[in-house]
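Enquirer: This is the structure I want to talk about, given as structure tokens.
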Amino acid sequence: MNFATEVTKEVLKVVKKFAPQDFIVGYRISPEEIHGDNVGYTWHESTKLVKHLTAGFDLDYTHISSLDYAAKPKDSNQPLVKLFKPSLGPETLLMIAGHIHTVQEMNDALQYVDIVSLGRATLIDPKIGYNVDCKIKPNM
């Protein structure tokens, strides 16, 4: 946690000094990075890190980057994004990216998160966000 804590601390220090007051700062993390038996980290460890960061710093959002937004870890029957929500500070929004290509997938993901992040889907359909069931529409 030391590296992530120190980087976050420094970023917020620079933002406070040089950025406009309404500048948004978040933390992006892959929920699991497992490579063999002894290399990487699990969702248990990453939720502890997210809890530590959102409790110690005024972050606007936490961004979970996954290959599949609906993926469930081997030791849980809940999607990873749902497992992260309790780790966030009360004002920290949760964002997800990962295998979201359709309006249906976007609406499904919005059941668990505050913000859906798109990449490939917007290349295919630049106005895809207009069809999503949410209160805030994209500014296009």
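Enquirer: Suppose we take every Cα in region 45-119 and form the convex hull; what volume per residue is that in Å³?
Expert: Values: hull volume 6.5 nm³, N = 75.
So the per-residue Cα hull volume is 86 Å³.
Enquirer: I've got another one for you. Around V50, under 12 Å between beta carbons, what's the net of Lys plus Arg minus Asp minus Glu among the other residues?
Expert: It works out to a net charge of +3.
Enquirer: Continuing with this model, one more query. Could you tell me the ratio Rg/Rh of the chain? Both radii from Cα atoms, Rh via Kirkwood.
Expert: Values: Rg = 15.9 Å, Rh = 16.2 Å.
With Rg and the Kirkwood Rh in hand, the quotient comes to 0.98.
Enquirer: Please state the relative contact order of the chain as a whole percent: Cα pairs under 8 Å, 6+ residues apart?
Expert: On the way: 183 pairs, mean separation 25.2, N = 140.
Contact order relative to length: 18 percent.
Enquirer: Roughly to the nearest percent, how much of the accessible area of the chain is carbon and sulfur, given a 1.4 Å probe? It would help to have the intermediate numbers written out before the result.
Expert: Values: 5030 of 9330 Å².
In the chain, the share of accessible area belonging to carbon and sulfur is 54 percent.
Enquirer: Just read off the accessible area of F23 with the full protein assembly in place, 1.4 Å probe, to the nearest 10 Å².
Expert: Surface accessible to solvent at F23 totals approximately 100 Å².
Enquirer: Express as a percent, rounded to the nearest 5, the fraction of DSSP beta bridges in the chain (both residues included) that run antiparallel. The partial results should precede the final answer.
Expert: Details: 3 of 14 bridges.
Just about 20 percent of them are antiparallel.
Enquirer: Check cross-link reach from K85 to the aspartates and glutamates: straight Cα distance under 18 Å, and skip same-chain residues fewer than eight apart.
Expert: Partners found: E32, E45, D58, D60, D68, D75, D108, D114.
Enquirer: Once Rh is set to the Kirkwood radius over Cα pairs, what Stokes-Einstein translational diffusion coefficient, in µm²/s, holds for region 8-78 at a temperature of 25 °C and a viscosity of 0.890 mPa s? Intermediate results must be reported in sequence, preceding the final value.
Expert: Numbers: Rh = 14.0 Å.
The Stokes-Einstein estimate is 176 µm²/s.
Enquirer: Suppose each label sits 7 Å from its Cα in the direction of the beta carbon; what would the F23-L67 distance come out to in nanometres?
Expert: In this crude spin-label approximation the distance works out to 3.6 nm.
The values are calculated or read from the model by the stated rules, or taken from the named source; none is laboratory data. This one's a predicted model, so the numbers in the text were calculated from it and none came from an experiment. In this analysis, Cβ positions are derived from the backbone assuming ideal geometry, glycine residues included, and neighbour counts consider all displayed protein chains. In case anyone asks, the SASA skips ligands and DNA or RNA and just uses the protein heavy atoms, side chains included. Shrake-Rupley method; radii C 1.70, N 1.55, O 1.52, S 1.80 Å.
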